[in-house]
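Here the structure is laid out as structure tokens; the discussion comes afterwards.
The values are calculated or read from the model by the stated rules, or taken from the named source; none is laboratory data. Everything numeric in this text was worked out from a predicted model, so none of it was measured. When we count neighbours, we look across all protein chains shown, and the Cβ atoms used for this are built from the backbone with ideal geometry, even at glycine.
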Amino acid sequence: MATLPRHNNWSVASIRQTSGISLEEIARNTKLKVTTLKAIEDANFDVLPGGIYNISYIRQYARAIGADEGSLVRLYQALCQDENQAGQTGARPV
């Protein structure tokens, strides 16, 4: 899956920053790597392992920043679905 474009609704970094929580603090509390957390914030999901792991990571991140887990997972799934549909409309090799 390609890196998703910056989406107006995917502003998890701003939620974290408003809460005054550092990536390092979240990493300590969740045992997720800072690079994984940064990938989540940047919507760079192609560097994550995929599938249920991504959903688990996003849930942990949401809990750590005080965001609604279900809403964030649904937004992630919608972004991935949009990306998959966009990829299907592109030119295909002959």
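When residues in region 20-76 are screened for being among the polar types (S, T, N, Q) and at pLDDT below 95, 2 of them pass.
Within region 46-66, the residues that satisfy the criterion of being in a helix (DSSP H, G or I) and aliphatic (A, V, I, L, M) are Val47, Ile52, Ile55, Ile58, Ala62, Ala64, Ile65. Each residue in region 12-43 was checked for being over 14 Å from the mean Cα position of the chain (by Cα), of a type in the set (D, E, K, R) and assigned to a loop (DSSP other than H, G, I, E, B), and 1 pass. Yes or no: Gly20 among the small types (Gly, Ala, Ser), loosely packed, with under 13 Cβ neighbours inside 10 Å and touching a residue at least 40 places away in the same chain (Cβ under 8 Å)? Taking the combined requirement at face value, the residue does not satisfy it.
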